[in-house]
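Below: the structure, in structure tokens.
The values are calculated or read from the model by the stated rules, or taken from the named source; none is laboratory data. Owing to the predicted nature of the structure, the values given are computational and were not obtained by experimental measurement. Every residue, glycine as well, gets a Cβ built from its backbone with ideal geometry; the counts of neighbours run over all protein chains shown. Note: areas computed on protein heavy atoms with side chains; ligands, DNA, RNA excluded. Shrake-Rupley method; radii C 1.70, N 1.55, O 1.52, S 1.80 Å.
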Amino acid sequence: QVQLVESGGGLVQVGGSLRLSCAASEHTFSTNNLAWFRQAPGNELEFLSCIDRDGTYTYYTDSVKGRFTISRDNAKNTVYLQMNGLKPADTAVYYCAASPSGIGVTRREYSYWGQGTQVTVSS
């Protein structure tokens, strides 16, 4: 069982930056592929980015490519999402997720989820 806790959300102005962190309680963190998703009010859960176990493979959805960067520090059991050039459309609750097996862009591929952190971008 991997428990995930996100932090780093908050209120930021258009064009600003935030770095989200997701800390895991489990020492097997390094054996999990990781991803970030978000959900805006009234919208479905949206995949943002994923990273493999050793951080050599990353993938981004088009809406955040070039603005967001996913990374991980296995020594600290933490995955990050650096978000630059934030827009009002980025306002959502952001979730990290972990998968001990596969890696992909759909929620069903991830077994463990954090509770989410709110990001609000004001204009």
How about the stretch 65-99: which of its residues are part of a loop (DSSP other than H, G, I, E, B), more than 13 Å from Ser49 (Cα to Cα) and either touching a helix residue (DSSP H, G or I) at 6+ places or on another chain (Cβ under 6 Å) or of a type in the set (D, E, K, R) (or both)?
-> Asn74, Lys76, Asn77, Lys87
Of all residues in the stretch 100-123, which are open to solvent by 60 Å² or more (accessible area, probe 1.4 Å), closer than 11 Å to Trp36 by Cα and not in a strand (DSSP E or B)?
-> Val105, Arg107
Only residues that are touching a residue at least 60 places away in the same chain (Cβ under 8 Å), more than 11 Å from the chain's Cα centre (by Cα) and open to solvent by 10 Å² or more (accessible area, probe 1.4 Å): list them for the stretch 25-38, please.
-> Thr28, Thr31
Between a first residue in the stretch 1-24 that is open to solvent by 20 Å² or more (accessible area, probe 1.4 Å) and a second residue that is among the charged types (D, E, K, R) and not in a loop (DSSP other than H, G, I, E, B), which pairs have beta carbons less than 8 Å apart while being 6 or more apart in sequence or on different chains?
-> Gly8/Arg19; Ser21/Glu6
Restricting the search to the stretch 53-70, which residues are surrounded by 15 or more Cβ atoms within 10 Å (Cβ to Cβ) and within 14 Å of Ala35 (Cα to Cα)?
-> Arg53, Gly55, Tyr59, Tyr60, Thr61, Val64, Phe68, Thr69, Ile70
Could you grab me the full set of residues in the stretch 58-91 that are under 20 Å from Arg108 (Cβ atoms) and either over 10 Å from the mean Cα position of the chain (by Cα) or free of Cβ contacts under 8 Å to residues at least 24 places away in the same chain (or both)?
-> Tyr59, Tyr60, Thr61
